[in-house]
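FYI, it's all coordinate maths here, none of it is from the lab. Only a predicted model underlies this, so the values are computations on that prediction, with no experimental measurement involved. Methodologically, a virtual Cβ is constructed for each residue, glycine included, from the backbone with ideal geometry; neighbour enumeration extends over all protein chains shown.
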Amino acid sequence: MNIAIVGATGLVGREIINLCEEFLPKDTIYTLFASSKSAGKKLKVNGKDYEVKELAEDNIESYDISLFSAGGERSKNFAEIFTSKGSYVIDNSSAFRMEKEVPLVVFGINENNQYQLLSKKISENAGIKKGKVLDFEYSTKVISKDLDEIEKEVNKVFKSISVVLNQKDVFCTNLCGFKKLNGSKVEKRDLDYILNEAKNSILSNQKNNSILHILNSNFILDKTKQDKVPLNIFGDHLSLHMTFVSIPDNNLKNIKEICDEKNIILIEDSCESLGSKYKKTGKAGVFAGYLEDLCYTPKFLKAMETVKSGGLGKIIWSKSRETHPGPHSDWFWDKEKAGGGCILDMGCHCIEIGRNYIGKDIKPVEVMCWGCLLYTSDAADE
């Protein structure tokens, strides 16, 4: 199989490469495209170095599948060139969302042809901004009008709908839950225990939020990663890495209210028991945000128990230190792209850990940060 990846050096492009490594045959041949600035760079796919090519018509050849993640403008300019050379194009931009002849693919919806796309409609709704309802009456009117028009077009009546909340107030929290088994079998109640303890931890720190989704990435039994839920397997220690997606209660209530006005049931995929949901496991997507998982490690949670029980008295001052061997990418050294350098990139961990110990409801009166850069003798010579 011959695969082209357009936008390979971007964050999403690199994630596409990771997914290709995981799911496609190891003998797949790749061609990587990016802008002229990134041309010549080398990226590894399945341990092999591939040189990135400039996205230009002269460099485009025939491919089985071309995966686009380079923005709508580039998709419009180059997608037809790829298809003209015999390639299927899968584009994740909004360039072709209104083109009726272009199929819309949604993960979990189009699988096994369980659902069929009957109609597409896009309307501007000034009553909702970034997932928040600002004008209830106006929002209800716009949504009702759109639904009425679609129902007439497809000659069907909607009984329930799924809502995708595109808003900045989405909280994604990584958490590792665990349970000691002491040589017993893994049972459904063990999974429920881990889930409930994790939920209680999340809701205690996000008291005004509702959990929308719980995504479990992998189970680890006695330090060994499991490909599926290890039910009925003997072990001593079971842990589960989860991602909790939550939004403010009021945001969800307002969305529900709009649905109630239209007598439509809002489908929520939230706090199902892991015992009944373990076959529907998913992976978290790439979010533009900062997800601090260090606050949910077993050792940290145990320390927090001591703090909350008063074992250390009232916490009024905390000190944290973060070290790192170096940045993951070259752009870190560009201050215009990196933004805050060491204090922002590493200090965020210290600040969030300190906030947990002191209490997020307590406003800090002073935060002191400092950074230092250690050179080896070789680096100093350069």
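Quick one: Tyr88, Tyr63, Tyr357, fewest Cβ neighbours within 10 Å first, how do they rank?
Numbers: Tyr88 11, Tyr63 21, Tyr357 17.
Least crowded to most crowded, the residues run Tyr88, Tyr357, Tyr63.
Short version: ³J(HN,Hα) in whole Hz for each residue of the range 186-202, in order, from phi by Karplus 6.51 cos²θ - 1.76 cosθ + 1.60 (θ = phi - 60°), x for Gly and Pro, what are they?
6, 10, 4, 5, 5, 5, 5, 4, 4, 5, 5, 5, 5, 4, 5, 5, 5
Would you work out which of Thr28, Tyr88, Ser75 lies farthest towards the positive end of the dipole of the range 1-98, given +1 charges on the beta-carbon of Lys and Arg and -1 on that of Asp and Glu, about the Cα centre?
Farthest towards the positive end: Ser75.
Taking 51 Å as R0, compute the FRET efficiency from the Cβ-Cβ separation of Lys26 and Thr297 and round it to 0.05. Kindly include the intermediate steps, with their values, before the conclusion.
Details: r = 34 Å, r/R0 = 0.66.
Efficiency at R0 = 51 Å is approximately 0.90.
Please sort 174-185, 37-48 by packing, taking for each peptide the average over its residues of neighbouring beta carbons within 10 angstrom, highest first.
Values: 174-185: 15.2, 37-48: 13.4.
Order by mean packing, descending: 174-185, 37-48.
Using only Cα positions of the range 2-91, each an equal point scatterer, no hydration layer, compute I(q)/I(0) via Debye at q = 0.17 Å⁻¹ and quote the log10 values to two decimals.
Debye intensities relative to I(0), on a log10 scale: -0.63.
Rounded to the nearest 20 debye, what is the charge dipole size of the range 2-91 about its Cα centre when +1 sits on each Lys and Arg Cβ and -1 on each Asp and Glu Cβ? List each step's numbers first, then the result.
Working: 11 positive and 14 negative charges, 58 e Å.
About 280 debye.
Between Lys253 and Asp361, what FRET efficiency follows from the Cβ-Cβ distance if R0 is 22 Å, with the result rounded to 0.05?
Working: r = 22 Å, r/R0 = 1.02.
Step by step, r from the Cβ atoms, then E = 0.45.
Starting from the Cα of Glu305, step 7 Å along the direction of its Cβ; do the same at Asp192; then give the gap between the two resulting points in nm.
2.2
Just list whichever of Lys207/Lys253; Lys132/Lys256; Lys145/Lys253; Lys129/Lys152 have alpha carbons separated by over 19 Å in the model shown.
Details: Lys207/Lys253 15 Å; Lys132/Lys256 12 Å; Lys145/Lys253 21 Å; Lys129/Lys152 27 Å.
Over 19 Å apart, Cα to Cα: Lys145/Lys253; Lys129/Lys152.
How many lysine pairs are close in the range 2-91, with Cα atoms under 22 Å apart and the two 8 or more places apart or on different chains?
Pairs that pass both the separation and distance tests number 14.
Which loop trypsin sites (Lys or Arg not before Pro) in the range 57-94, with loop taken from DSSP, have no more than 14 other Cβ atoms within 10 angstrom of their Cβ?
Lys85
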